[in-house]
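Everything below concerns the one structure shown next.
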Amino acid sequence: MKVKNIFSHPLSYHWVIFVFSVILVGFYNDVFWLKIYSYVQNDGNSDYSLMVVLFFAYVFIIALAIELLSMRAIVKWVIGILIAIAGVSQYYMQSLDITINNMVIESLLHTNATEVKDFLTIGLLWSLLLYVVLPIGLLCCIQLKPAPTFLRGSYAKIGIIALYLLIIASLYLWRGGGYRFCFQEFEVDHLCYQPDCPDPFCYSFGFRNTQARATFC
């Protein structure tokens, strides 16, 4: 099937949300997944299924958040803004070996023009092309199905949100303990991996030797 044919078929904006949630989780959180992979490798049981369950839980949480924040008329704008923020964050987290937290955000707000120039590099340009321009370009090429009637659209929206909540709750009841223990193993101070990282995956940690106490952001 030609690429042109793929983009010629209109899609439901709910499917667009889900697909780009998978992209955001899979390609914009390298630091996060490397930490999870390191934990699984060091764990005695080497339970790689935890990564799979965590991936799907993360996807459904992002999809749920976008569903709550958007509707058909603005969904591309919402996804595009998230991609732009995540793309820039991804580059600086990798190149500077930092994580996005309140201190980093406050520092950015007080950055002057001279300091900004030091961060504008060729690496940033390539990262923007790959992680921001390309996916937003593909997003713009996608045709959305015509808007349904208000009642039909509302029923569909409520049904999808309820489905996502049910799936997230089921995954948490099934492997929620594994998530908490996994995060508690990381010796990180006030860590939040991505701006698009949902609350259950955004923690502040206090450590004493190898013991950890995790609390939600």
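Going from most exposed to least, what order do V78, V25, V52 have by accessible area with a 1.4 Å probe?
V52, V78, V25
Round to the nearest 10 and report in Å² the accessible area of L166, as given by a 1.4 Å probe over the protein chains' heavy atoms.
So the heavy atoms of L166 present about 110 Å² to solvent.
On a 1.4 Å probe surface of the protein chains, which of R175, R72 comes out largest in accessible area, and what is the full order?
Greatest to least solvent exposure: R72, R175.
Want the number for Y37 to L96: 0.36 nm per residue separation, take away the alpha-carbon distance, what's left?
Extra length available between Y37 and L96 comes to 19.2 nm.
Cβ neighbours within 10 Å, averaged per peptide: list 146-158, 82-94 in order, most packed at the top.
82-94, 146-158
As an exercise, use a Förster radius of 25 Å and the Cβ-Cβ distance of V22 and L129 to find the FRET efficiency, rounded to the nearest 0.05.
FRET efficiency, V22 to L129: 0.75.
Given points 7 Å out from each Cα along the Cα-Cβ axis, report the S170 to A156 separation in nanometres with one decimal.
2.2 nm
The values are calculated or read from the model by the stated rules, or taken from the named source; none is laboratory data. What you are looking at is a predicted structure, and each value in this text was computed from that prediction instead of being measured. No Cβ is skipped: glycine too gets one built from the backbone with ideal geometry, and neighbour counts run over all protein chains shown. Remember, those area values only see protein heavy atoms, side chains included, never the ligands or the DNA or RNA. Shrake-Rupley method; radii C 1.70, N 1.55, O 1.52, S 1.80 Å.
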